[in-house]
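Only one structure is covered here, and it is reproduced in the block below.
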Amino acid sequence: MTDLDAFIAKLPKAELHIHVEGSLEPEMMLALARRNGVALPYASVESVQAAYCFTQLQDFLDLYYQGMSVLIEEQDFYDLAMAYLRRAAAQNVRHCEIFFDPQGHMDRGIPFRTVIDGLWRARCDGERELGITGGLIMCFLRHLDEASAERTLDEALPWRERLIGVGLDSSEKGHPPSKFQRVFARARNLGLPTVAHAGEEGPAAYVREALDLLGVRRIDHGNRALDDPTLIARLVAEKIPLTVCPLSNLRLCVVPDLEEHPLRRMLQAGLMATVNSDDPAYFGGYVTENYLAVQRALDLTRDEIVTLARNSFQAAFCDKSVKQGHLAALDAFLAE
Ligand code: HPA
Ligand code: ZN
């Protein structure tokens, strides 16, 4: 381990792009399948891992939806989120904004309440026991229609105060942000900040649509924005953060290898890029492993690493005082 590796491990950071269902480790998947009597096509951790061979986003999503079928009880959602938060805390993540996909559960007959109660209890215990701030961002599945997203938002209304935002994920190609204009407008009218996955496999035009039609305050991934110089200039001018996920990009073949990853180009262009894990149980690493891998591949400097960590707090959806506290802790760490 180099000095820079040790520095990355200890660096206070925020994680803004993590799908809680994507933190389901094979061990927990098999244990919950047993606990809940759910049949899976795998007999061992090794056979689960052997299936994780993807050439595009959809290959992963097929296994991701199959994996989440073991989540049935409130306790399952709690255990899943708490396991993630413990790993995050061990990596010096101080603030987490956690995506969840209620339609992936409601469509299997799991009540919204079961999902939100388990995740919320973990979020509260995470703050009390681990000192991690943050909250839950409810995502709509873009391969489903807007009416389904509207019904999901209706279901969430009683728990509005448990959400810090609304997002958009799942199969990007052929499902432009424009499909969800009305439901995003309604979410914004409820005071919920919005984000959307865009420019992962879809074109730069989807990033533009997410800004213009969904009013998003951050872009999840955003790699393809680099195809469009006018869009880059706008993202820089409007200080729109990008939640970049290097190991996800590698595993889903969004980049051919990490040496070709656009992260350094994003920083050099003045974009507010952050580093995140996306679906750590499926892509081979949590947030620290993402920093380590991309640092090595691009030979990022210590200053660039610090910029990425600072950006992660700057881009967070939290009260000014919470944000100032995290930034002060980062500065204190750097002064040591
Ligand atoms: N992209 C789109 N949808 C997702 C992802 C992703 O990387 N992870 C979980 N749902
Ligand atoms: Zn994602």
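No value in this document is a laboratory result; all are computed from the given coordinates. In this text the structure is predicted, and so the values were computed from the model without any measurement. As a convention, Cβ positions derive from the backbone with ideal geometry for all residues, glycine included, and neighbour counts pool all protein chains shown.
Before moving on, here are some points about what is shown:
- Residues Asp125 and Ala332, FRET efficiency given R0 of 30 Å [Cβ-Cβ distance, rounded to 0.05]: 0.70
- Near the amide H of Asp220, within less than 5 Å, lie the amide hydrogens of Ala196, His197, Ala198, Thr243, all on another chain or at least 5 residues away, with H placed in the peptide plane.
- Separation of the range 32-86 and the range 236-294, taken as the distance between their Cα centroids, equals 23 angstrom.
- From largest to smallest, the equivalent ellipsoid semi-axes obtained for the range 26-135 from the alpha-carbon gyration tensor read 24, 17, 14 Å.
- If the segment from Lys10 to Asn189 were pulled out straight at 0.36 nm per residue, it would be longer than the present Cα-Cα gap by 60.5 nm.
- Whole-number D in µm²/s for the range 126-169 (Stokes-Einstein; Kirkwood sum over Cα pairs; 20 °C, 1.002 mPa s): 182
- Fraction of the pair-distance distribution of the range 150-238 above 22 Å, Cα-Cα pairs, percent: 26
- Using a Förster distance of 30 Å, the FRET efficiency for Val38-Glu146 (Cβ separation, nearest 0.05): 0.50
- Sequence-separation-based contact order of the chain, relative, with Cα cut under 8 Å and 6+ spacing, percent: 20
- Each label point was placed 7 Å from the Cα along the Cα-to-Cβ direction; for Asp107 and Asp212 their separation is 2.9 nm.
- Along its principal axes, the range 1-57 has C-alpha extents of 45, 24, 24 angstrom, given from the largest down.
- Cα-based Rg of the chain normalised by 2.2 N^0.38 Å, two decimals: 0.93
- Farthest toward positive dipole pole in the range 40-115 [+1 Lys/Arg, -1 Asp/Glu at C-beta], among Gln75, Gln91, Ala50: Gln91
- Neighbour net charge for Leu327 - beta-carbon separation under 11 angstrom, K R +1, D E -1: +3
- Using Cβ point charges alone (K and R +1, D and E -1), the dipole size of the range 222-314 about the Cα centre works out to roughly 240 debye.
- About its Cα centre, the dipole of the chain is roughly 860 debye, where the only charges are +1 on Lys and Arg Cβ and -1 on Asp and Glu Cβ.
- Between Gln181 and Gln49, the modelled labels are 4.8 nm apart [label points 7 Å from Cα along Cα→Cβ].
- Cα-derived Rg to Rh of the range 87-129, Kirkwood definition: 1.07
- Candidates Leu308, Thr194, Asn276 compared by Cα position along the dipole of the chain: farthest toward the positive end lies Thr194, with charges placed on Cβ.
- Cα-centred dipole magnitude for the range 93-182, charges only on beta-carbon of K, R (+1) and D, E (-1), debye, nearest 20: 60
- Computed extension length for Gln268-Val236: 10.4 nm, one decimal, from 0.36 nm per residue of separation with the Cα-Cα distance subtracted.
- Dividing the summed helix terms, -39500 (n - 2.57) for each DSSP H run of n ≥ 4, by the number of residues in the chain produces a 222 nm estimate of -15500 deg cm²/dmol to the nearest 500.
- Part-to-part distance (alpha-carbon centres) for the range 296-336 and the range 110-126, which is given in Å: 28
- FRET efficiency estimate (nearest 0.05) - Cβ-Cβ, Thr301 to Gln324, R0 30 angstrom: 0.70
- Listed residues Gly165, Ala122, Ala6: farthest to the positive end of the dipole of the chain (Cβ charges): Gly165
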